[in-house]
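First comes the structure, then the notes that go with it.
The values are calculated or read from the model by the stated rules, or taken from the named source; none is laboratory data. Every value quoted in this text rests on a predicted model; they were computed, and no experiment measured them. Heads up, the Cβs are rebuilt from the backbone with ideal geometry, glycines too, and the neighbour counts pull from every protein chain shown.
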Amino acid sequence: MKGKRDFADFDNSLESGITYGGYSGSKKGIIFNDERWFLKYPKSIRNMEVFGISYTTSPISEYLGSHIYNLLGLETHETLLGIANSKIVVACKDFLNKNETILDYNSLKNDYDEKIEKEIEELSSSSKKKSRY
């Protein structure tokens, strides 16, 4: 069958020691085919009251979404579906160079920047002066 792919077995993959942040579930950095990848595990639905939802929704959705965007000509990260610790996971190829890192939005918004703080104070005080009320 054209385009048929098997699930990758990530159970014996070496850990890369790289950590990945964000809110999209637990992640684990691995070495797969001599390259850096990270596995995204599905979130637990134990406390959700929605019937018919599958714990595999998140990894499969990310895999499908990435491949659909790619088919539409948009650049996306490389993904694979696989199994790790008896769970369906999506593996995302790490596209960063060895000395690069990505900061998630939460880290950035909570990072103190003196210049930005001064600009916010100036904007705030000038808008109060212009206010009629």
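Report yes if Ile53 is at negative phi, under 20 Å from the mean Cα position of the chain (by Cα) and either at pLDDT below 80 or of a type in the set (Val, Ile, Thr) (or both), otherwise no.
No; evaluated as a whole, the condition is false for this residue.
Select from segment 56-66 the residues that are at pLDDT 80 or above and in contact with a strand residue (DSSP E or B) (Cβ under 8 Å, 6 or more places away or on another chain) and write down the one among them that is surrounded by the fewest Cβ atoms within 10 Å (Cβ to Cβ).
The residue in question is Ile60.
Which ones in segment 81-95 are under 18 Å from Ser16 (Cα atoms) and surrounded by fewer than 18 Cβ atoms within 10 Å (Cβ to Cβ)?
Across segment 81-95, the qualifying residues are Ile83, Asn85, Lys93, Phe95.
Please name all residue pairs, on different chains or six or more residues apart, with Cβ atoms under 7 Å, provided the first residue is in segment 67-81 and is free of Cβ contacts under 8 Å to residues at least 24 places away in the same chain and the second residue is surrounded by 13 or more Cβ atoms within 10 Å (Cβ to Cβ) and among the aromatic types (Phe, Trp, Tyr).
Pairs that qualify, where the first residue is free of Cβ contacts under 8 Å to residues at least 24 places away in the same chain and the partner is surrounded by 13 or more Cβ atoms within 10 Å (Cβ to Cβ) and among the aromatic types (Phe, Trp, Tyr), are Thr76/Tyr69; Thr79/Tyr63.
Which members of segment 67-125 meet the condition of being modelled with pLDDT under 75, of a type in the set (Gly, Ala, Ser) and either assigned to a loop (DSSP other than H, G, I, E, B) or within 25 Å of Arg36 (Cβ to Cβ) (or both)?
Of everything in segment 67-125, just one residue is modelled with pLDDT under 75, of a type in the set (Gly, Ala, Ser) and either assigned to a loop (DSSP other than H, G, I, E, B) or within 25 Å of Arg36 (Cβ to Cβ) (or both), namely Ser107.
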